[in-house]
Structures are given as C-alpha cells and as structure tokens.
Amino acid sequence: MQEDNKDKKTSPLYSEFAYDDAYRTMETECDDIVIPFVNYFYNENYDNTAKITRLRNEHFVEHADQSDEKRITDSHFEITQDDVSKNYHLECESRPYDQSILVRIFEYDTQTALDKSKSEGNVLRVRFPYTGLILLRTSSTSPDRAEIIIETPNGEVNYDVKIIKVSDFSIDNIFENRLYMMIPFYIFNFESEFKAINEDEDRTEKLADVFRDIIDRLDRELEKGNLSALSHNVIIRLTHKVVYKLTMKHDKVQDKVGGIMGGKVLDLPEIRIFHEGKAEGLKEGKAEGLKEGEAERKKLSDENAELEEEVSSLKAELEKLRKQIKQ
C-alpha cells in the first residue's frame, strides 16, 4: 500500500516551507546563481568581480492597535561593482497573486529603506531597493508588472515592482540566460496536469525525460565553468525537495521524477569535493604557495571523509523511501 500524505510528511525530504527554503538557500549561498539572475531581470552587467552583501531581512511592522509583527523578507542584498552599490529586494511567492502582496512588499521596502537611511542636517534621505516578485503559480489575473505610488505633499513618487513568472520561461530560456535560480521551481509549470500525467505512464515518462535533460544540462554547465560545484549540488538537491512537496498527491509522478533527482543526489558529494578541491588547490597554489596548498589538500581530505559518511546516510534514506513506496 502506498504511503498517504501524512506518512510522506515524515520523510527527510519533506519540508512545509520547501519553496521558501529553496529560494533562500540559493540566494544566500550561491553568488554565481544570483548574479546572472539580477543581470537578466534588471538589465545589469555585473561580472565575477561584483560583491554581494546580504542585508538584514527581519523587521517589525507596527499595526494600528500598536502590536508588532515580525516580517522576514525572502531576500535583501546589495551588489557592489566599481564602487557603485545597489540594493535589491526579491520575494518568491507560491500563492496566487493578490493585492495584499503589494502591501506586504511596500512594508518590506519601507523598512529596508530605513535601514540604509542617512540624516543630512535637517534632511532624512531614504533609498528604496530595486524590487521584484517571483510568481511560482500564475493565473489569468496575474499582472505582468506592478507599481507602487506614494503620494506626498510635494507630489507623487512611484517605482516599479518587477514581476517574474516561472510559467513564462521554457527550460531553453532558463539555460540560455543562466537563470539557474528558476530550475527548482520549473516543476510548477506542470502542476495543473499532474492528475492526467499521474494516470498516463507515457506522460509520466515524458515528464521524467524533462528532468533527465535538466540534470544533463546542469552537468554541462558545471563542466563549462558556468556553475560552481556547490551551486550545481544545491540546485539538484533543492529541485528534489520542491518536486517531493509539490507532488505529494501524485505518487507515480513523485516516484518517477523524485527517483531521478534522488539518484543524482547520491553522486553529488564526490562531484562537489572533486571540483572544489581542484579549484581551491589551483587558487591556493598560486596565491599562497605549496605549503598552503598542502594544508588545503589536508582540509579537503578531511571533508571528503565527512562527505563519504553523508553519502552512506543518503543511500540509507533513499533505500528506506523505496521500501516505503513499495509497501
């Protein structure tokens, strides 16, 4: 008998906040994912010399009854290149779009602007961030753009909220523009078809082929140096978790696509340690000499031992899941 949703929630793959966690993990850990994403959507031209600084993302919003509510932004960061810095605030939303989202975004923007405010004599200067909204689910009512207008005694001030819809991008678009941050959420494009796919073996296999292709492309991006080994690892692991959460009610889809992603996950620690060890060895050898290079190799050797233990643990978890599914 197949596990019900309650049983599935006990799996180490399950997270109630899988979508938020996936976005925040990529944003906080993977600069080489964030930079091309910002370049594309904000027409920037940052290169590998750009520096990302993560900024405060927790604030307290005061309500009319004087109560405080803690709000956490999905991402708030600063990018600096050639002594020019810009702040960015991006929200990743899995719920259907409604007007309350803009209210929430404005509250976040106001608080982040105050964080960077400057007092100049009797003048308070605030700088609002470049703001964006990533919609994982879209409908006929989802807008292509949004605007916030602030009416002041001296006139109106307005700024755009960039809206990004996962449904607008094919997998070819994603890889051509290096929009790797969207890959874990690509499965949302099939959500409305899950029931039909789950009941049709051929369609289930075709969906599996889509994710086999994604893995192959990610491997090529790693080989070409467009992705770090860490980011390659992170994308696949997070895609696995998002797929698991989104397909909870569709066992065949979850088993087939999840099996493909899970099988790849088992190979990732060795890939990461090989590529990162090679890159770090070259960098340290040039910058610090052979002595430092030897120390780095020792460190990587110790990490490799830890990762081998992780592989064993992951294999055990996967085998446990397979047995549960067969029951």
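The values are calculated or read from the model by the stated rules, or taken from the named source; none is laboratory data. Quick caveat: nothing in here was measured; it's all calculated off a predicted structure. Cβ coordinates were reconstructed from backbone atoms using ideal geometry, including for glycine residues, and neighbour counts include every protein chain displayed. Accessible surface areas use protein heavy atoms only, side chains included; no ligands, DNA or RNA. Shrake-Rupley method; radii C 1.70, N 1.55, O 1.52, S 1.80 Å.
Per-structure values
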{"read-out": "Test set (1) under 25 Å from the mean Cα position of the chain (by Cα); (2) open to solvent by 70 Å² or more (accessible area, probe 1.4 Å) - Ala113 fails condition number", "value": "(2)"}
{"read-out": "Verdict on Arg178 being open to solvent by 20 Å² or more (accessible area, probe 1.4 Å), within 16 Å of the chain's Cα centre (by Cα) and at pLDDT 95 or above", "value": "yes"}
{"read-out": "Ser167 being out of contact with any His (no Cβ under 8 Å at 6 or more places or on another chain), part of a loop (DSSP other than H, G, I, E, B), open to solvent by less than 70 Å² (accessible area, probe 1.4 Å) and under 25 Å from Val34 (Cβ atoms)", "value": "no"}
{"read-out": "Long-range neighbours under 7 Å by Cβ, at least six apart or interchain, first residue touching a residue at least 40 places away in the same chain (Cβ under 8 Å) and surrounded by 22 or more Cβ atoms within 10 Å (Cβ to Cβ) within the range 77-94, second acidic (Asp, Glu) and not in a strand (DSSP E or B)", "value": "His89/Asp109; Leu90/Asp74; Cys92/Asp20; Cys92/Asp74"}
{"read-out": "In the range 181-215, residue surrounded by the fewest Cβ atoms within 10 Å (Cβ to Cβ) [restricted to those that are under 19 Å from the mean Cα position of the chain (by Cα) and over 19 Å from Thr138 (Cβ atoms)]", "value": "Ile215"}
{"read-out": "Scan of the range 111-121 for residues that are small (Gly, Ala, Ser), part of a loop (DSSP other than H, G, I, E, B) and either out of contact with any Leu (no Cβ under 7 Å at 6 or more places or on another chain) or on the phi > 0 side of the Ramachandran plot (or both), ordered by number", "value": "Gly121"}
{"read-out": "Filter result (more than 18 Å from Glu91 (Cα to Cα) and not in a strand (DSSP E or B)) within the range 140-162", "value": "Ser140, Thr141, Pro153, Asn154"}
{"read-out": "Condition met for Asp209 (modelled with pLDDT of 95 or more and either farther than 22 Å from Arg24 by Cα or basic (Lys, Arg) (or both))", "value": "yes"}
{"read-out": "Condition met for Val103 (within 20 Å of Asp20 (Cα to Cα), in contact with a helix residue (DSSP H, G or I) (Cβ under 9 Å, 6 or more places away or on another chain) and of a type outside the set (Ser, Thr, Tyr))", "value": "no"}
{"read-out": "Check on Arg220, surrounded by fewer than 19 Cβ atoms within 10 Å (Cβ to Cβ) and within 16 Å of Asp32 (Cβ to Cβ)", "value": "yes"}
{"read-out": "The range 62-94, subset at pLDDT below 90 and of a type in the set (D, E, K, R), residue nearest to Phe17 (Cα to Cα)", "value": "Asp74"}
{"read-out": "Among the residues listed as Thr49, Thr10, Thr53, the single one being surrounded by fewer than 17 Cβ atoms within 10 Å (Cβ to Cβ), among the hydroxyl-bearing types (Ser, Thr, Tyr) and at pLDDT below 90", "value": "Thr10"}
{"read-out": "Residue that is farthest from Tyr108 (Cα to Cα) [pool: residues in the range 122-136 that are in a loop (DSSP other than H, G, I, E, B) and open to solvent by less than 70 Å² (accessible area, probe 1.4 Å)]", "value": "Leu136"}
